[in-house]
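Remarks on the structure that follows.
Read the figures in this text as sums done on the coordinates, not as results from a lab. All figures in this text were calculated on a predicted structure; none of them were measured in a lab. In this analysis, Cβ positions are derived from the backbone assuming ideal geometry, glycine residues included, and neighbour counts consider all displayed protein chains.
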Amino acid sequence: MERIRYSFPRPLVEVHARIVQAGYQCYVVGGAVRNIVLQKDPTDWDLATDATPADLIPLFRAVIPTGIKHGTVTILYKGYKFETTTFRIEGPYSDFRHPDHVHYTKELLEDLKRRDFTINAMAIDPMERILIDPYGGKEDVKKRLIRALGDPLERFQEDPLRILRAVRFHAQLAFTIEEKTKEAMKALAHTLRTVSSERIRDEMEKIMASERPSIGFNLMAETGILSILFPELLACRGVDQKGAHAYDVFTHSILCCDAAPRENPAVRWACLLHDSGKPVVKSVSAEGETTFHRHEQISAQLAGTILRRLRFPVAFEKRVVHLVLHHMFHYEDSWTDAAVRRFVRKVGKENLEDLFTLREADGWATSGIRPDPRPLTQFRERIARVLAQSAPLSLKDLAVNGDDLASVGIPKGPAMGTVLDFLLESVLEDPSMNKRDRLLELAKNFYQTRLKTE
Ligand code: ATP
Ligand code: MG
């Protein structure tokens, strides 16, 4: 048993004290303990207690039932969130005792025993400042090892999500996976098929938010997880690219993901998937030149399929798909102002920075060195200049609306949509056209000559 030196935040001490005063046990568990052992400050707090959710609710003003099924509630207290889970015992109740821990109850030890990895099976009593570590978690933290607790095959069979959690911790902590644990991951990778998409997505989000997601994806490739969860990315392995490219499509994609900012998940997913259509459209000409014609369209489709499969919110999926679809722009000084306006209209003002961030990451991941920032800077400045002219960019900027068009005999419905788009195209080309009378005239002509059926 070991005393630890750590100064716990006051709100944690208060929450702990309130639970203990009500007659229950309460320990800090999970990532916070790992961090304290690593001498890092915890970012979030998990608590384990013998109090049930029903016992906890009257003790605090704000208790959110985040996972009642699993006995988890979130206690909101003085700006902190405490994920609090009632002790769980899985499998036959054993009489496990360790001489050092006799005065800790069987329940805590049983609760730690059903946790996934040794580094996750420690607890701290924050009042006594004592580390309870029955499975050598601290030792493994020191060795930077991810080791399943007990028999890895059994642990992964109990809950196959743990296989992906190992990848997540490997990516987050850059710890090595212990040999037997890795063997079991390989043997049971296919069982991830039985895990719900939502649980997979939650772990994937953590992998994508780690410093270098590529570490996770390389391990997924090595263990066979990639073929189960992302066969589309597996297909990118070994697909060589020519020209400036130093890497195959798979490595390029995961490095691109690393190069994007971790706090922007939409851009990171777009980076990961922006070239996923390349294996589908790859062709080699008679002269031996490799091309990936219109790969951005197939990549966008695949991105949509993958994000839907993981049940991401539709708005998120759309944002990523949109970025992937438009990642192949090639700005040159010779672009006319109209071409710049059409580009802004197509991409959407609100997506420009994300698209540029994607482009920059794409550049990094092509050669491994920092891309020349000047072309993008010039494009940004050009866009700013063109936008400063406050020329119309969208339908709502037009000097006419649907009612105006209806008043000159254009029926509401699909035809009106076509006419409005045509007017916007004309105005993007020449902003001086954006006058009510001129547009109505143009609309009538266009409708009568091109759309009217009888
Ligand atoms: P983070 O700091 O990223 O939150 P964490 O280790 O706290 O990492 P959580 O997902 O919050 O991870 O889980 C908290 C603890 O609950 C884990 O440390 C582990 O002990 C246990 N745990 C969570 N999921 C599982 C699982 N599927 N199987 C076994 N134990 C689990
Ligand atoms: Mg946690």
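Applying D = kT/(6 pi eta Rh) to the stretch 344-388, where Rh is the Kirkwood radius over alpha-carbon pairs, T corresponds to 37 °C and eta to 0.692 mPa s, the Stokes-Einstein value obtained is 290 µm²/s. Principal semi-axes of the equivalent ellipsoid, √(5λ) from the alpha carbon gyration tensor of the stretch 227-377, are 23, 21, 15 Å from largest down.
The relative contact order of the chain, computed from alpha carbon pairs under 8 Å that lie at least 6 residues apart in sequence, is 8 percent.
Shape verdict for the chain, please, from the Cα gyration tensor: rounded (a/c under 1.5), prolate (a/b greater than b/c) or oblate. Prolate is the answer for the chain, as a/c is 1.5 or above and a/b outweighs b/c. Working ranking of peptides 328-340, 116-128, 428-440 by packing, defined as the average number of other Cβ atoms within 10 Å per residue, highest first, is 116-128, 428-440, 328-340. The label-point distance for Lys106 and Arg311, in a model that sets each label 7 Å from Cα toward Cβ, rounds to 3.7 nm. Taking label positions 7 Å along the Cα-Cβ direction at both Thr52 and Lys78, the computed distance is 3.0 nm, reported to one decimal.
Under the combined filter of DSSP loop state and at most 15 neighbouring Cβ atoms within 10 Å, the stretch 153-259 retains these trypsin sites (Lys or Arg not before Pro): Arg237, Lys242. Computed from Cα positions, the angle between helix 179-188 and the longest principal axis of the chain comes to roughly 60 degrees. Pairs exceeding 26 Å between alpha-carbon atoms, taken from Lys346/Lys435; Lys106/Lys143; Lys186/Lys206; Lys182/Lys206: Lys106/Lys143.
Computed from label points 7 Å out along Cα-Cβ, the spacing between Gln297 and Leu395 is 2.4 nm.
Diffusion of the stretch 144-229 by Stokes-Einstein, at 4 °C in a medium of 1.567 mPa s and with Rh set to the Kirkwood radius over alpha-carbon pairs, works out to 104 µm²/s. Tell me the angle of helix 161-173 to the major Cα principal axis of the chain, expressed in degrees between 0 and 90 and rounded to the nearest ten. That helix lies at roughly 80 degrees to the long axis. Helix 213-223 and the longest principal axis of the Cα set of the chain meet at an angle near 70°.
With 0.36 nm allotted per residue and the present C-alpha distance subtracted, the Phe60-Ser285 stretch has 74.1 nm of extension available.
The gain in end-to-end length when the Lys186 to Glu353 segment is fully stretched comes to 56.1 nm, 0.36 nm per residue minus the alpha carbon separation.
Among residues other than Gly409 with Cβ under 10 Å from its Cβ, the summed charge is +2 (Lys and Arg +1, Asp and Glu -1).
Ignoring solvent entirely, what values of log10 I(q)/I(0) come out of the Debye formula for the stretch 348-433 at 0.12, 0.23 Å⁻¹ when each Cα is a single scatterer? For the requested q values the scattering log ratios are -0.56, -1.08. Rg then Dmax, both in Å and based on the Cα atoms of the stretch 2-136: 14.0, 40. Our note on the geometry: Cα centres of the stretch 351-388 and the stretch 23-94, 44 Å apart.
With Rh defined as the Kirkwood radius, the inverse of the mean 1/r over Cα pairs, the Rg/Rh of the stretch 396-451 is 0.91. How much of the DSSP beta bridge set in the chain is antiparallel, as a percent to the nearest 5? The antiparallel fraction comes to roughly 75 percent. Backbone N atoms of the stretch 229-248 closer than 14 Å to the 7 Å Cα→Cβ label point of Arg193 belong to residues 229-231.
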